[in-house]
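Throughout, read-outs are computed from the coordinates displayed, never taken from laboratory work. Fair warning: this is a prediction, and the values are worked out from it, not measured in the lab. As a convention, Cβ positions derive from the backbone with ideal geometry for all residues, glycine included, and neighbour counts pool all protein chains shown.
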Amino acid sequence: MNEILDWLLNTVQSVDPALRNLLAGLAIMLETSLFIGLVIPGDTVVLVASTGVQDLGDFFWLLGCVLLGSLMGESFGFWIGRLFGERIRASKLGQRIGEKNWRMADAFIESRGGLAVAISRFLPVLHSLVPVVSGATKMRYRVFIRWTLAACAIWASAYVGVGYLAHTSYDQIGSSLKYGGFAFVAIILIFMFVVHFAKQRLEKTAVKMVEEDQAQKFKDLEG
């Protein structure tokens, strides 16, 4: 295990830090963009890149690139929605996403506003649709970017922090033990396990929020 892990970490570290960090930022920018974001595994790229961090200076450099990439991708989606609106949704690519997903994004933004923007950053599919839908509504960009910044900062810190923690833990303890590599793998797997179930919980919460708001609107109409 240690030999394989040493090879992997050395491979990541052999990449020029500037190039590595810029690629991570680019990957997350594409992941948060409409259509492209549905197929680009930006979180995986960031996690791998973070295992190559050498020191705190490099840590904050990578964190800054990832955060900037996230904000650029989210902003790109917002302005696409503001400029093109329904034309994006009616396009062939928009139809491939599915009307159900579009309606979910519509209802979520309508009911929760900026909070929906923040929560969507952690949800599959919606993280690419909500910025576009936000732009197509009357939401102001400064409101959108404020909520986006908070969510992206949490997301980026978590992914970069875990990769860096796993790497430094292995360097300080694991590399001197025969099965030290398992500690590195355990940190990554536990993190991915927590992320997976946190996303499921958030997705259920988002659906519940929408359903509750729609039920309240129905009651108000009846009243």
How many residues of the range 146-164 are in contact (Cβ under 8 Å) with a residue 40 or more places away in the chain, out of contact with any helix residue (DSSP H, G or I) (no Cβ under 6 Å at 6 or more places or on another chain) and buried (at least 18 other Cβ atoms within 10 Å of the Cβ)? The answer is 1
The residue that is farthest from Arg96 (Cα to Cα), considering only those in the range 120-147 that are hydrophobic (A, V, I, L, M, F, W, C), touching a Phe, Trp or Tyr at 6+ places or on another chain (Cβ under 9 Å) and in a loop (DSSP other than H, G, I, E, B), is Met139
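How many residues does the range 79-98 contain that are basic (Lys, Arg) and surrounded by fewer than 13 Cβ atoms within 10 Å (Cβ to Cβ)? Step through it out loud before you land on a result.
Taking the range 79-98 as the starting set, the residues that turn out to be basic (Lys, Arg) are 82, 87, 89, 92, 96.
Those left that are additionally surrounded by fewer than 13 Cβ atoms within 10 Å (Cβ to Cβ): 87, 92, 96.
Selection size over the range 79-98: 3.
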**Prompt:** Quick check: anything in the range 67-80 small (Gly, Ala, Ser), touching a residue at least 60 places away in the same chain (Cβ under 8 Å) and farther than 27 Å from His196 by Cβ?
**Reply:** yes
Residue hits (the range 108-134; free of Cβ contacts under 8 Å to residues at least 40 places away in the same chain, aliphatic (A, V, I, L, M) and farther than 14 Å from Ser75 by Cα) are Ile109, Leu115
Scanning the range 49-66 for residues that are within 30 Å of Leu93 (Cα to Cα) and in contact (Cβ under 8 Å) with a residue 60 or more places away in the chain gives Val66
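Would you be able to say whether some residue in the range 85-96 is in contact (Cβ under 8 Å) with a residue 60 or more places away in the chain and part of a helix (DSSP H, G or I)?
No - not one qualifying residue is present in the range 85-96.
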